[in-house]
Amino acid sequence: MRQRTTTVNPSEEIITIGPLGIRFLLTGDDSNNNASVFEVRVPRGQKLAAPAHRNDAYEEILYGIEGVLTWTVDGTPIAVGPGQALCIPRGAVHRFDNLGTEDAKQLAVITPAIMGPAYFREAAEVIGAAHGGPPDGAKMTDVFRRHGMTVAEPPPAK
């Protein structure tokens, strides 16, 4: 039987995806697969390069620490600032942008812990291979699928 050691930030790891910084604190290995916890740093004016998507089998909870991120959830923009929390339910199509004039930092909790650091490492590799251009859609779709997400269909043209 493996003896559990309780420590602060047992899965400390910083992953950079383009201009975004992700700092992992806890993974499924630390929480009996109940939760992944990480910080997301988004520079001011930064729009998310990844497509809108849905989480197929987990909730994503965001808590604002600094600045404001505008999350678009099922077509509705929701600004999340310091001291505010938002739960994105499974199946809801979502994405985020920093439309503000200051950098933003939010805490994210994924429950259960289906998505973890491996997703961000793989996404960083695909985005990095694009050398500033749009990432390979098929490769990103595959990364999303393997980590419990589905890329959303683009909205119909009006």
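Answer with yes or no whether Gly100 is touching a Lys or Arg at 6+ places or on another chain (Cβ under 7 Å), of a type in the set (Gly, Ala, Ser) and modelled with pLDDT under 95.
On the way: touching a Lys or Arg at 6+ places or on another chain (Cβ under 7 Å): yes; of a type in the set (Gly, Ala, Ser): yes; modelled with pLDDT under 95: yes.
Yes: the conditions hold for Gly100.
What are the pairs, 6+ residues apart or on separate chains, where a residue within the range 116-136 that is within 30 Å of Ser31 (Cβ to Cβ) has its Cβ under 9 Å from a residue that is among the aromatic types (Phe, Trp, Tyr) and surrounded by 17 or more Cβ atoms within 10 Å (Cβ to Cβ)?
These pairs meet every condition: Gly116/Phe24; Gly116/Phe38; Pro117/Phe24; Pro117/Phe38; Tyr119/Phe144; Phe120/Phe24; Phe120/Phe38; Ala123/Phe144.
In the range 96-148, what residues are under 26 Å from Ile65 (Cα atoms), of a type in the set (Ser, Thr, Tyr) and assigned to a helix (DSSP H, G or I)?
Tyr119
Given (1) surrounded by 16 or more Cβ atoms within 10 Å (Cβ to Cβ); (2) in contact with a Gly (Cβ under 6 Å, 6 or more places away or on another chain), identify the lone condition not met by Ile17.
Single failed check for Ile17: (2).
Filter the range 53-100 down to the residues that are closer than 20 Å to Arg146 by Cβ, of a type in the set (D, E, K, R) and out of contact with any Leu (no Cβ under 6 Å at 6 or more places or on another chain), then identify the one that is surrounded by the most Cβ atoms within 10 Å (Cβ to Cβ).
Glu60
Is it fair to say Pro134 is at negative phi and surrounded by 14 or more Cβ atoms within 10 Å (Cβ to Cβ)?
The answer is no for Pro134.
Say we look at the range 101-131 and pick out the residues that are farther than 13 Å from Val40 by Cβ and touching a Pro at 6+ places or on another chain (Cβ under 6 Å); which of these is surrounded by the fewest Cβ atoms within 10 Å (Cβ to Cβ)?
Only one residue tops the list, namely Val126.
Which residue pairs have Cβ atoms closer than 9 Å, lie 6 or more positions apart in sequence or on different chains, and pair a first residue in the range 31-57 that is at positive phi with a second residue that is among the charged types (D, E, K, R)?
Cβ pairs passing all conditions: Gly45/Asp97.
The values are calculated or read from the model by the stated rules, or taken from the named source; none is laboratory data. Everything numeric here is computed off the predicted structure, so don't read it as measured data. Cβ atoms come from the backbone with ideal geometry, glycine included; neighbour counts cover every protein chain shown.
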